[in-house]
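Read the structure below first, then the notes.
What follows is calculated from the coordinates using simple rules that are stated; it is not laboratory data. Owing to the predicted nature of the structure, the values given are computational and were not obtained by experimental measurement. FYI the Cβ positions are ideal-geometry reconstructions off the backbone, even for glycines, and counts take in every protein chain you see.
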Amino acid sequence: MSYLTREAAVIDHELGAEYEHTPVPHDKRRGTASVALIWAGFPMGLSTFVSGSLLAELVGVKAALAATLLGNLALLLYVGLLGRLAAQTGESFALQAKRVFGSKGYRLASTFLSTIVIGWFAVNAGIGAELLKSNYGLSYAWVVILMSIAYAFIAFLGVRALHWISLFSVSLFLMVAGVTLVDISAQGSLSAALDYAGAHPLHHMAFGTAVAIVIAKFLDSGTQTADFNRWAPNTRGSWLATAAAFPLGLGLPMALGILVMGALQGGGAFAHGNVVGFLLANHETAISVLVFTFIVINTGSVASHCAYNAATGWSGATGLPMRLVAIVIGTFALGLTLSGFWHLYIPWLIFLGILVPPLGTTILAEAVITHQKGESPLPAWRWSAFAAWAVGALAGYANYRFMPAFPTPIAAFLATLLCYFLLRGFAPAPRPLSTTIGEE
């Protein structure tokens, strides 16, 4: 046993095993309420508020609300099906990917998605730091440094820490949401908010692109849902936990952000046209303290979930302990956040909407629709899965360029599904696969 393995075993004994390389045993699963809380605390973040405000600026309030509803329903179905698989098997995303992409190929799929999710850490920490800088005069760099260290440490502590940070984050969200809705109603601006047509009504983004942005908001972590739903006690609990995220965790803050932008009739989604700017403009010290606490805790909840996703995925692909990987992830995320990566928010969402849906679709096509389980010995690389991923991504890009009225992630999903069915029909029948990473 290596030194790292021995140290990881000691830490797991103290903090609880994360089962990053093996399925979660049924007697170690968490309750439905706990998994639902962990999921609710993930999308219910400041970046989701900002996304809602941004959508209202781009397409107007009514279209933004409709896009939010459709996008959340699509995510509920997509993530719910993937989560159901995880609840049945107890497998992480990396273990799921091994069944589909091969005994070596899964490493590419797992590390790709786990690296992508680090970008979300940078987006959320960056937006939080920018809001603290613009509203409280704090140093952006120092806030990012302190946030990144703290949030990576929460991921290091594991799924139990995610439960508690989610509890505090959701509680603060409900308080902030309540005060915001009271303010909007008191100002009599709700009807005016619904009529807001956007900052540039003659140059609106296509509605399909707006739906795609909502879906892309949680495509990567949604595809990695197994890292959370493997802890669910059963498939029913998995579906309920997913519903806590979509539409509740994602839809509610996005809708609130949309209404705030409508009430303000503009102001810039990243400036004062968001929930933080709205509340600070209407209240004194007490609310200022609440908002400050909300920014720190809420950003921490989302970013630590991202770090946990990334660490679990890289751990599964490399065989290293999850908690060691979490430290490395935090260091990389710190540099990415300091670079100002979050300014590329909309291009980032479009990029995700093209590349990520085909990956999750291959898993669904293999395990849900065809009912074929990955088998041992698998090929090192299952090229039919990679080919379907590539075709889906190309279809998504073509849709984005030439048919923006149709949501890009859905186009990528459908193209991948068709391609995988055609290619997999010619593949040889597989044999049972061990679910422990490293057994090849």
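Number of Lys pairs in the chain with C-alpha atoms less than 24 angstrom apart, excluding same-chain neighbours closer than eight positions? Walk me through the intermediate numbers first.
Values: K28/K98; K28/K373; K62/K217; K98/K373; K104/K373.
Within the chain, the lysine pair count is 5.
How do 20-28, 401-409 rank on mean C-beta neighbours within 10 Å, highest first? Don't skip to the end; give the middle numbers.
Working: 20-28: 15.3, 401-409: 18.2.
For the peptides 20-28, 401-409, the packing ranking is 401-409, 20-28.
Arrange H305, H163 by Cβ neighbour counts within 10 Å, fewest through most, would you?
So the residues, fewest neighbours to most, are H163, H305.
If each residue of separation counts as 0.36 nm, what is the full-extension length gain between S139 and Q88 once their alpha-carbon separation is subtracted?
Full extension of this stretch gives 13.7 nm more.
Quick check on the exposure proxy: order M205, M147 from fewest to most C-beta atoms within 10 angstrom. Walk me through the numbers on the way to the answer.
Details: M205 22, M147 25.
Least to most surrounded, the residues fall as M205, M147.
Note the full-extension length gain between L108 and S171 as 0.36 nm times their separation in residues minus their Cα-Cα distance, in nm to one decimal.
Additional length available on full extension: 18.9 nm.
What is the list of residues in the range 27-50 whose amide nitrogen lies under 17 Å from a point 7 angstrom out from the Cα of L290, following Cα to Cβ?
Residues 46 qualify, since their backbone N sits under 17 Å from the label point.
So what is the calculated 222 nm ellipticity per residue for the chain, using -39500 (n - 2.57) for each DSSP H run with n of 4 or more, over all residues, to the nearest 500 deg cm²/dmol?
Roughly -23500 deg cm²/dmol at 222 nm, from the helical runs in the chain.
Could you give me D for the chain, from Stokes-Einstein at 4 °C and 1.567 mPa s, where the hydrodynamic radius is the Kirkwood radius over C-alpha pairs? Units µm² s⁻¹, please.
The calculation lands on 60 µm²/s.
How much length is gained if the chain between W381 and L146 is pulled fully straight, taking 0.36 nm per residue apart and subtracting their Cα-Cα distance, in nm to one decimal?
Stretched fully, the W381-L146 segment lengthens by 80.5 nm.
Go from 0 up to the bin containing the longest alpha carbon distance in the range 56-141, width 5 Å each, and give me the % of pairs per bin.
With a bin width of 5 Å, the distribution comes to 3, 11, 10, 12, 17, 15, 12, 11, 7, 2, 0.
Pop a pseudo-label 7 angstrom from the Cα along the beta-carbon direction at both A206 and F421 and give the gap in nm to one decimal.
2.4
Most exposed first by the Cβ proxy, i.e. fewest other Cβ within 10 Å, how do V50, V296 rank?
So the ranking, lowest neighbour count to highest, is V296, V50.
For a Förster distance of 25 Å, can you work out the FRET efficiency between the beta-carbons of V182 and A66, rounded to the nearest 0.05?
The formula returns an efficiency of 0.50 here.
If I take every Cα pair under 8 Å that is 6 or more residues apart in the chain, average their sequence separation and divide by the length, what percent do I get for the relative contact order?
Normalised by residue count, the contact order of the chain is 32 percent.
Using only the alpha-carbon atoms of the range 116-236 as identical scatterers, what base-10 log of I(q)/I(0) does the Debye formula give at q = 0.11, 0.21 Å⁻¹?
Taken in order of the listed q values, log10 I(q)/I(0) reads -0.64, -1.34.
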